[in-house]
Amino acid sequence: MTTPTDGSGQEGSGQEPSQNNSVQYGAEPSQYGTEAFPSPAPASSVPLAQAPRLQPGDVVRWRFRRHDFAAHGVDVVQPVRVVRHDERGLVVWLAGGTPVVHARLAGFESVNPHNVPDHVRFNPRRVDRVAVGGQWYGRGVLRLIPVGMPFSVWVFREASGTVNAHYVNLEGHHRLGSAVDGHAMGELYTSDHVLDLVIRPGQVPQLKDEDELAAAVKYGQWDADVAAAIRANASVALDQWEQGAWAFTEDWSGWQAPRSWETPGRECVDPHGSVEWHHGDH
């Protein structure tokens, strides 16, 4: 899977996540992790635990906002449908083929962020972000957000339904807000933190994109304290997995999206027709 990147654009496909280095045990984070940097969510939004319950089938726009959102006003937008929302957290479904909006660097609109040179991608002076339309490729993915945790768990499955990976996307703490127009039931705000954790059945958990986190520090996007907080949050996720938390143990192999759930249209993410739409790139 070409997966979560730097918040400049979550890049989705239905392929399996790659993996690299084994998790190193180290920091002793708090139970719910550390907020790596102030949330760019609107002040009117509320923590997930305090939000009114969403109903199955509700459409929510999942918004990834960069730490520098105020400088450019462009976020990643992915419409998802609510599977379940209760005291444990929120479960949503991102269907394959769903129109999404990426936040790309000007001049790199058609380039996957992983292929943008690090010195450009992580340059803190590059705040010229452009909204680019695309789609979520593949079979779709379930995303589970445990209340209060600095991550979401993406459940990847084979065509048979067998779970082949839990992909832990390290993120800012999640907040819910009212829909900004009539095309969704609400807005879910978070931020992508580059580093991820891949957990496959019967295998040792693997950290992913450590090199990208190091590059973000090297080129000045984040400082060492932010990177340390993100790594500590990876330890929080690993602890949750070791403790058998619901986001890692609940069986989703037999779940199927109801046939009545239509895939959200472009108008859900581009209500004013202002997004540049690209094809063939994700």
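The values are calculated or read from the model by the stated rules, or taken from the named source; none is laboratory data. Keep in mind the model is a prediction, meaning the values are calculated, not measured. Quick reminder, even Gly has a Cβ in these numbers, built from the backbone with ideal geometry, and neighbours come from all protein chains shown.
Within the range 90-119, residues that are among the hydroxyl-bearing types (Ser, Thr, Tyr) sit with their Cβ atoms under 9 Å from residues that are in a strand (DSSP E or B), at 6+ positions apart or across chains, in these pairs: Thr98/Gln78; Thr98/Pro79; Thr98/Val80; Thr98/Gln135; Ser110/Arg104; Ser110/Val132. No other residue among Arg88, Arg104 is closer than 23 Å to Pro264 by Cα and modelled with pLDDT of 95 or more apart from Arg104. Scan the range 83-95 and tell me whether some residue there is small (Gly, Ala, Ser), farther than 20 Å from Tyr189 by Cβ and surrounded by 17 or more Cβ atoms within 10 Å (Cβ to Cβ). For the range 83-95, residues small (Gly, Ala, Ser), farther than 20 Å from Tyr189 by Cβ and surrounded by 17 or more Cβ atoms within 10 Å (Cβ to Cβ): present. Here are some residues: Gly220, Gly172. Which one is touching a residue at least 24 places away in the same chain (Cβ under 8 Å) and on the phi > 0 side of the Ramachandran plot? It is Gly220. For the range 173-225, the tally of residues that are assigned to a strand (DSSP E or B) and among the polar types (S, T, N, Q) stands at 3.
Would you mind stating whether Val168 is at pLDDT 95 or above, outside any helix (DSSP H, G or I), β-branched (Val, Ile, Thr) and out of contact with any His (no Cβ under 7 Å at 6 or more places or on another chain)? Considered against the rule, which asks whether it is at pLDDT 95 or above, outside any helix (DSSP H, G or I), β-branched (Val, Ile, Thr) and out of contact with any His (no Cβ under 7 Å at 6 or more places or on another chain), Val168 comes out as yes.
Entry remark, the range 208-246: residues being more than 15 Å from Glu171 (Cα to Cα) and of a type in the set (A, V, I, L, M) number 6 in total. Going through (1) closer than 17 Å to His67 by Cβ; (2) touching a residue at least 24 places away in the same chain (Cβ under 8 Å) one by one, Arg125 falls short only on (2).
Only one entry of Arg121, Arg139 meets the criterion of being of a type in the set (Lys, Arg) and at pLDDT below 95, and that entry is Arg139.
Among the residues of the range 227-243, the one identified as of a type in the set (Val, Ile, Thr) and either in contact with a Leu (Cβ under 8 Å, 6 or more places away or on another chain) or more than 24 Å from Leu144 (Cα to Cα) (or both) is Ile230. When Val226 is tested against (1) loosely packed, with under 14 Cβ neighbours inside 10 Å; (2) of a type outside the set (Lys, Arg); (3) in contact (Cβ under 8 Å) with a residue 40 or more places away in the chain, exactly one condition is not met: (1).
Note on the range 182-200: residues that are at pLDDT 95 or above and touching a strand residue (DSSP E or B) at 6+ places or on another chain (Cβ under 7 Å) amount to 13. All told, Val77 falls short of being touching a Pro at 6+ places or on another chain (Cβ under 8 Å), at pLDDT 95 or above and not in a loop (DSSP other than H, G, I, E, B).
Here the condition is being over 11 Å from the mean Cα position of the chain (by Cα), modelled with pLDDT under 95 and closer than 27 Å to Pro52 by Cα; of Ala159, Ala179, it holds for Ala179 alone.
Filtered by the rule that a residue be polar (S, T, N, Q), surrounded by fewer than 21 Cβ atoms within 10 Å (Cβ to Cβ) and within 17 Å of the chain's Cα centre (by Cα), the range 96-114 gives a lone residue, Asn112.
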